[in-house]
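Report on the following structure.
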Amino acid sequence: MSAPAPSLAWSHLAGREVSTWSEEWRHECEIAYLLAMPTAKRNSFLDGVPGSTDREERGIKGVRGEAAVAALRADISRLHALKSKT
């Protein structure tokens, strides 16, 4: 029995339809989730608690690093701008 074909969804960040099984779609979902958070909660989630050794409290910066957080913030701003146009 074969797996069903992946469906397509419109990606604002890619500007085209992408497979819902793709890394592009996973990234867009992550960015949309972060964008939907209240700003204070989003900042805490991204930046974490400085000096914490707990994975949850370290935030994304403590796990993935500053460059990853900067890229996420840029994509959050970009998705916000793209969705504001529509």
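Just so it is clear, none of the values below were taken in a lab; they were calculated from the coordinates. Please read these numbers as outputs of a predicted model, since none were measured by experiment. Cβ sites come from the backbone with ideal geometry, for glycine too, and all protein chains shown count toward neighbours.
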*Enumerate the helices in the chain for which the Kyte-Doolittle hydropathy averages 0.0 or more and the C-alpha atoms extend at least 24 Å along the helix's axis, using complete DSSP H runs.*
66-85
*Normalised contact order of segment 8-85, rounded percent, pairs of Cα under 8 Å and 6 or more residues apart*: 26
_R0 of 22 Å, Cβ-Cβ distance residue 54-residue 26: FRET efficiency to nearest 0.05_ = 0.30
_Please check: in the Gaussian network model of the chain (C-alpha springs, under 10 Å), which one of 58, 16, 26 has the largest mean-square fluctuation._
16
*Taking the simple approach of a point 7 Å from Cα along Cα-to-Cβ for both residue 33 and residue 63, what is their distance in nm?*
0.9
*Just one of (1) 60; (2) 69; (3) 64 is percent of Cα pairs over 15 Å apart as worked out from the coordinates here. Which one is it?*
(3)
